[in-house]
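Below you'll find the structure, written out as structure tokens, and then a few comments.
The values are calculated or read from the model by the stated rules, or taken from the named source; none is laboratory data. Here the structure is a predicted model, which is why all the values come from computation and not from measurement. A quick note on method: Cβ atoms are made from the backbone with ideal geometry, for glycine too, and the neighbour counts reach across all protein chains shown.
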Amino acid sequence: MDFNDTPEEAAFRAEVRAWLEANAELRGPEDGGGVDLGELVDDETLSAAKAWQKKKADAGWACIRWPKEYGGRGATAIQGVIWNQEESKFKTALNIFGIGHGMCGPTVMTHGTPEQKERWIPKLLSGEEVWCQLFSEPSAGSDLAGLRSTAVRDGDDWIINGQKIWTTGAQFCDWGILVVRSDPNAVKHAGLSYFVVDMHSPGIEIKPIVQINGGTGFNEVFFDDVRIPDANRLSEVGNGWAVAITTLMNERASIGSGGGRAGIGDLLRLAQEVELNGAPAIEDSGVRQKLADFYVRSKAVQYTGNRTVSALSQGKTPGPEASLGKLVGAVLIQEIAAYGIELQGAAGVLNDHDNTAHEGSWQERYLGIPGLRVAGGTDEVLRNIIAERVLGLPPEARVDKGIAFKDIPTGPPSK
Amino acid sequence: MNFDFSDDQKLLQQTAKDFLEEHSPLSLCREVLESDAPYSQSLWKGAAELGWLGTAVPEEYGGAGFGYLELAVVAEEVGRALAPIPFSTSVYLATEALLLAGSDEQKKRLLPKLVSGESIGTAAFTEKAGQNGVESVEARVDGGKLSGSKLPVPDGEAADVAVVAAQGGKGLSLYLVSLTGDAVEREAVRSLDPSRPAARISFEGAPAELLGTEGDGAALAGRVLDRAAVLLAFEQLGGTQRAFDLTREFALQRYAFGRPIASFQAIKHRFADLWCEIELARSNCYYGAWALSNEDDELAEAACIARLQASRAFDLTAVEMLEFYGGVGYTWEYDCHMFYRRAKSTSVVLGNPASWREKLISRLEADRAA
């Protein structure tokens, strides 16, 4: 048992570190960072993000885990972790490529034809083109395979109609991965096909969603007779679900880590700064008990992440058990944020940068976190994944098996 | 980074597991639980012969000379088996106290006997309800003679030597006291977990030998408890995993409404939550073992988070076990109550969760002030 790098890992870290030091500035404690609460990306942020990605790509430090033939370094999983750990210590541009590099790229590499890979992968890697994901629909979230947007064949094209939702960054993206229903008469999972769509196509309308925290990082995307060439289809017609699973497995692998940023350090500081019943809150035994519980859990999530890294280091592939970090971590961040507001007493009602403890960051977190609990799998979906894939418990009894999709019962459409 | 046990340590763990599966089935725990015997002598002898009692004791004192990572994996198996032996008291408390503070002469005289199992040690700290360590101790030592009463003394009937907390001339100190002399009266008391029973022990002028520095008892007891907390957390982890595995098997076999009950989301989601609690406990335990084996400054914090999360996971799992089994879980005949008893007992025996939470926050404050 050893918390330190192996000699090979240490050498790689030094190499990474040297390049980062030559090309970026170290992040200070005042530089913030942490939880992404779904903010809109402005033009300036966008060009800075593309410039940083280009710089990395030119030096061979972009998408290092991708095979060399696609511009990566063929790096190991632990090297990927080391790169991420080191890069996060520097003041770099916002990473707007998480979905493209974490999910779209690996899917195209797995299921694309040589021509498709040639067309898309290099510009995805270099940041010249940005990608988004068009999976969820108003009536298909946790039950993604229940999606209803349609693709109808027309000569060499497909014509797409319907609506997607929760698409991060749709406004500035060039390409999107899209799952649609190509055969409503087939059973649910067999009627889907998978496309790459040009986000500049006529007939695509993008409307930002206003979140509960006022942010507008996500969008609704409407398709009105949008044409996609058949050459942009990934894998066979009707095999879309298998391709989508590839995407989702990569999503799970790219979430997971986190945990250390639950905010327990800030909460301890806040408890020392504010009073409760006329004395520093930290002296109250009830507060102390609560802080201790948060601390135990924060550390447990952090060390569980370390065990995952350790498994990677030994060449093992973390499986569905990586769901734990998100399931436990998101609830914990939410509880800590809620308690951060409570510790402020009646002033907890404020959400004003200049007049609230810690510049209103507790209220901001509180309003941002619910998104984290549903993104990339709700708590309930994650519990199913753990129960079925980790613990081997039987799947749910289902009423949508073996019948044509069009005959599956459905509720009224959501607003 | 390697946040895992080595192959050799895993092999040791597997050997311990195999041995206990054969020699310490749950029926052995039940046998002790249902009898007046305070522990299983045959299993104790077996554990001693395998060298487990001296896993982390240097060879010069008769031990195996391994480290705490090895002791931790053995502890996990002892916990998984609900082994009815005074392992935690004799090894994590008495032996560790001697290793920490004993003079060379004391170690040479006492450790070989503890390692061979010929002698069983324990710690007698608390005296009444509401105590979690050595606070408010009233027992006194005057002129080398101990007077006072201790309750509960874990494995107090089985042990023949105790590390006793008492007020000395220079304040609270720890003493080594033989429990077999005339001035010691032992009384069996009914215990929540009779497979690991406690006793009341009264001392009326029993010879007491100073352990460590006089007046340093509180600090020393704190260090002993930190070490014991990590090791007991591994026992708790093993017990939790066993309870979880048995419950999972049961839920897969048990049918209701035409389906295995393990197929209902109401049950599956609770299994998923328990699994998370156990994995979190495992992570904190591993960190504790690392801190313990490196004699790291972080042990003070690591012990708290290992003990708190392991106690929580064991408590929750044992409670759910009875619930998932339904009516049969509440019968004497089924084994669920042995886990239920062990979980609650281990969550308080070294001090309750509230006291460890307080300890954790105090230590974090001290770190921040430093």
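Just the residues that are within 12 Å of B:Phe324 (Cα to Cα), in a helix (DSSP H, G or I), over 31 Å from the mean Cα position of the chain (by Cα) and facing another protein chain (nearest Cβ under 9 Å), please, taken from the stretch B:253-267.
Residue satisfying the conditions is B:Ala262 alone.
Name the single residue that is farthest from the other protein chains (Cβ to nearest Cβ) among those in the stretch A:1-13 being part of a helix (DSSP H, G or I) and surrounded by 13 or more Cβ atoms within 10 Å (Cβ to Cβ). Working first, answer last.
Looking only at the stretch A:1-13, we keep the residues that are part of a helix (DSSP H, G or I), and these are A:7-13.
Checking which are surrounded by 13 or more Cβ atoms within 10 Å (Cβ to Cβ) leaves us with A:9, A:12-13.
Values: A:Glu9: 7, A:Phe12: 12, A:Arg13: 11 Å.
Filtering first and then ranking leaves A:Phe12.
Consider A:Leu40 against the criteria (1) within 14 Å of chain B (Cβ to nearest Cβ); (2) closer than 29 Å to A:Arg373 by Cα; (3) assigned to a loop (DSSP other than H, G, I, E, B): it satisfies all of them except one. Which criterion is unmet?
(1)
Looking at the stretch B:1-48, which of the residues that are among the aromatic types (Phe, Trp, Tyr) and within 30 Å of A:Arg13 (Cα to Cα) is farthest from the other protein chains (Cβ to nearest Cβ)? Reasoning before the result, please.
As a first pass, look at the stretch B:1-48 and keep what is among the aromatic types (Phe, Trp, Tyr): B:3, B:5, B:19, B:39, B:44.
Then keep just the ones that are within 30 Å of A:Arg13 (Cα to Cα); that gives B:3, B:5.
Values: B:Phe3: 4, B:Phe5: 6 Å.
Out of the qualifying residues, it is B:Phe5.
Write out, first by first residue and then by second, each pair whose Cβ atoms fall under 8 Å of each other, whose residues are 6+ apart or on separate chains, and whose first residue, in the stretch A:384-400, is more than 7 Å from chain B (Cβ to nearest Cβ) and over 14 Å from A:Asp143 (Cβ atoms) while the second is loosely packed, with under 13 Cβ neighbours inside 10 Å and of a type outside the set (A, V, I, L, M).
Taking only residues 6 or more apart or on different chains, the pairs are A:Glu388/A:Pro395.
Please enumerate the residues belonging to the stretch A:234-251 that are under 24 Å from the mean Cα position of the chain (by Cα) and not polar (S, T, N, Q).
A:Leu234, A:Gly240, A:Trp241, A:Ala242, A:Val243, A:Ala244, A:Ile245, A:Leu248, A:Met249, A:Glu251
State whether one or more residues within the stretch B:97-107 are crowded, with 24+ Cβ neighbours inside 10 Å and either closer than 24 Å to B:Leu172 by Cα or in contact with an Asp or Glu (Cβ under 7 Å, 6 or more places away or on another chain) (or both).
Within the stretch B:97-107, one or more residues are crowded, with 24+ Cβ neighbours inside 10 Å and either closer than 24 Å to B:Leu172 by Cα or in contact with an Asp or Glu (Cβ under 7 Å, 6 or more places away or on another chain) (or both).
Of the conditions (1) closer than 15 Å to B:Leu316 by Cα; (2) within 9 Å of another protein chain (Cβ to nearest Cβ), B:Arg242 fails just one. Which one is it?
Condition (2) is where B:Arg242 drops out.
Take the conditions within 23 Å of A:Val390 (Cβ to Cβ) and facing another protein chain (nearest Cβ under 7 Å) and apply them to A:Thr304. Does it pass? Lay out the reasoning, then the answer.
Details: within 23 Å of A:Val390 (Cβ to Cβ): yes; facing another protein chain (nearest Cβ under 7 Å): yes.
So A:Thr304 fits the description; yes.
Testing B:Ser136 on (1) out of contact with any Ser or Thr (no Cβ under 8 Å at 6 or more places or on another chain); (2) within 16 Å of B:Arg200 (Cα to Cα), one condition comes back false. Which one is that?
Of the numbered conditions (1) out of contact with any Ser or Thr (no Cβ under 8 Å at 6 or more places or on another chain); (2) within 16 Å of B:Arg200 (Cα to Cα), the odd one out for B:Ser136 is (2).
Does B:Leu100 qualify as being away from every other protein chain (no Cβ under 14 Å), modelled with pLDDT of 95 or more, farther than 24 Å from B:Phe314 by Cα and outside any loop (DSSP other than H, G, I, E, B)? Give the steps one after another, and end with the answer.
Numbers: away from every other protein chain (no Cβ under 14 Å): yes; modelled with pLDDT of 95 or more: yes; farther than 24 Å from B:Phe314 by Cα: yes; outside any loop (DSSP other than H, G, I, E, B): yes.
So B:Leu100 fits the description; yes.
Looking at (1) surrounded by 22 or more Cβ atoms within 10 Å (Cβ to Cβ); (2) more than 20 Å from A:Trp19 (Cβ to Cβ), can you tell me which one A:Gln53 breaks?
Among (1) surrounded by 22 or more Cβ atoms within 10 Å (Cβ to Cβ); (2) more than 20 Å from A:Trp19 (Cβ to Cβ), A:Gln53 violates only (2).
Could you list, in sequence order, the residues of the stretch B:316-362 that are hydroxyl-bearing (Ser, Thr, Tyr) and either in a helix (DSSP H, G or I) or buried (at least 21 other Cβ atoms within 10 Å of the Cβ) (or both)? Write out each step before concluding.
Of the residues in the stretch B:316-362, the ones hydroxyl-bearing (Ser, Thr, Tyr) are B:317, B:325, B:330-331, B:334, B:340, B:345-347, B:355, B:362.
Those that are hydroxyl-bearing (Ser, Thr, Tyr) and either in a helix (DSSP H, G or I) or buried (at least 21 other Cβ atoms within 10 Å of the Cβ) (or both): B:Thr317, B:Tyr325, B:Tyr330, B:Tyr340, B:Ser345, B:Thr346, B:Ser347, B:Ser355, B:Ser362.
Is at least one residue of the stretch B:318-334 more than 10 Å from chain A (Cβ to nearest Cβ), at positive phi and either more than 20 Å from the chain's Cα centre (by Cα) or of a type in the set (D, E, K, R) (or both)? Quick ask: steps written out before the conclusion?
The first filter runs over the stretch B:318-334 and keeps only residues more than 10 Å from chain A (Cβ to nearest Cβ), leaving B:318-334.
Imposing the further condition that a residue be at positive phi reduces the set to B:326.
Next cut, either more than 20 Å from the chain's Cα centre (by Cα) or of a type in the set (D, E, K, R) (or both) only: B:326.
Checked against the condition, which is being more than 10 Å from chain A (Cβ to nearest Cβ), at positive phi and either more than 20 Å from the chain's Cα centre (by Cα) or of a type in the set (D, E, K, R) (or both), the stretch B:318-334 yields at least one hit.
Can you say whether B:Leu174 is part of a loop (DSSP other than H, G, I, E, B), of a type in the set (A, V, I, L, M) and away from chain A (no Cβ under 14 Å), as far as the supplied structure shows? Spell out the reasoning first.
Working: part of a loop (DSSP other than H, G, I, E, B): no; of a type in the set (A, V, I, L, M): yes; away from chain A (no Cβ under 14 Å): yes.
Judged against the criteria, B:Leu174 is not a match.
Restricting the search to the stretch B:343-355, which residues are of a type in the set (A, V, I, L, M, F, W, C), farther than 13 Å from B:Asp315 by Cα and more than 8 Å from chain A (Cβ to nearest Cβ)? If you could, list the steps in order and put the result at the bottom.
Start the filter on the stretch B:343-355 by keeping residues that are of a type in the set (A, V, I, L, M, F, W, C), which leaves B:343, B:348-350, B:354.
When the remaining residues are screened for being farther than 13 Å from B:Asp315 by Cα, the result is B:349-350, B:354.
Across the stretch B:343-355, the qualifying residues are B:Val349, B:Leu350.
Quick check on my filter: what residues within the stretch A:118-162 are in contact with a Pro (Cβ under 9 Å, 6 or more places away or on another chain) and surrounded by fewer than 16 Cβ atoms within 10 Å (Cβ to Cβ)? It would help to see each step written out before you state the result.
Narrowing the stretch A:118-162 to residues in contact with a Pro (Cβ under 9 Å, 6 or more places away or on another chain): A:128, A:138-139, A:148, A:150, A:156-158.
A:Glu128, A:Asp156 - these are the residues of the stretch A:118-162 that are in contact with a Pro (Cβ under 9 Å, 6 or more places away or on another chain) and surrounded by fewer than 16 Cβ atoms within 10 Å (Cβ to Cβ).
Go over the candidates B:Cys304, B:Cys276 one by one and state the one that is over 20 Å from A:Ile386 (Cα atoms), buried (at least 19 other Cβ atoms within 10 Å of the Cβ) and not aliphatic (A, V, I, L, M). Quick ask: steps written out before the conclusion?
Numbers: B:Cys276 fails: over 20 Å from A:Ile386 (Cα atoms).
Going through B:Cys304, B:Cys276 in turn, the sole match is B:Cys304.
Please indicate, with yes or no, whether at least one residue in the stretch A:18-27 is under 18 Å from the mean Cα position of the chain (by Cα) and modelled with pLDDT of 90 or more.
Going through the stretch A:18-27, the residues under 18 Å from the mean Cα position of the chain (by Cα) turn out to be none.
The answer is no, given that none of the residues of the stretch A:18-27 is under 18 Å from the mean Cα position of the chain (by Cα) and modelled with pLDDT of 90 or more.
Taking the stretch B:286-301 as the search range and keeping residues that are more than 9 Å from every other protein chain (Cβ to nearest Cβ) and touching a residue at least 24 places away in the same chain (Cβ under 8 Å), which one is surrounded by the most Cβ atoms within 10 Å (Cβ to Cβ)?
The selected residue is B:Gly288.
Could you figure out which of (1) over 23 Å from A:Arg383 (Cβ atoms); (2) part of a helix (DSSP H, G or I) isn't true of A:Gly315?
All conditions are met except number (2).
Looking only at the stretch B:177-210, count how many residues are outside any strand (DSSP E or B), touching a Pro at 6+ places or on another chain (Cβ under 6 Å) and among the small types (Gly, Ala, Ser). Break it down stepwise before answering.
Of all residues in the stretch B:177-210, those outside any strand (DSSP E or B) come to B:179-183, B:189-197.
Filter once more, so that each one left must be touching a Pro at 6+ places or on another chain (Cβ under 6 Å): B:191, B:195, B:197.
The next check asks that each one be among the small types (Gly, Ala, Ser); those that pass are B:191, B:195.
Matching residues across the stretch B:177-210 total 2.
Which numbered condition in (1) away from chain B (no Cβ under 14 Å); (2) closer than 26 Å to A:Val287 by Cβ is the only one that A:Gly371 fails?
(2)
How many residues are at pLDDT 90 or above and assigned to a helix (DSSP H, G or I) if we restrict to the stretch A:325-356?
Residues in the stretch A:325-356 being at pLDDT 90 or above and assigned to a helix (DSSP H, G or I): 22 in total.
Could you figure out which of (1) more than 30 Å from B:Ala303 (Cα to Cα); (2) touching a residue at least 12 places away in the same chain (Cβ under 8 Å); (3) within 8 Å of chain A (Cβ to nearest Cβ) isn't true of B:Phe250?
Failed condition: (3).
Hey, does the stretch A:332-354 have a residue that's out of contact with any Pro (no Cβ under 7 Å at 6 or more places or on another chain), within 12 Å of chain B (Cβ to nearest Cβ) and either surrounded by 17 or more Cβ atoms within 10 Å (Cβ to Cβ) or among the aromatic types (Phe, Trp, Tyr) (or both)?
Yes, there is a match, as at least one residue in the stretch A:332-354 is out of contact with any Pro (no Cβ under 7 Å at 6 or more places or on another chain), within 12 Å of chain B (Cβ to nearest Cβ) and either surrounded by 17 or more Cβ atoms within 10 Å (Cβ to Cβ) or among the aromatic types (Phe, Trp, Tyr) (or both).
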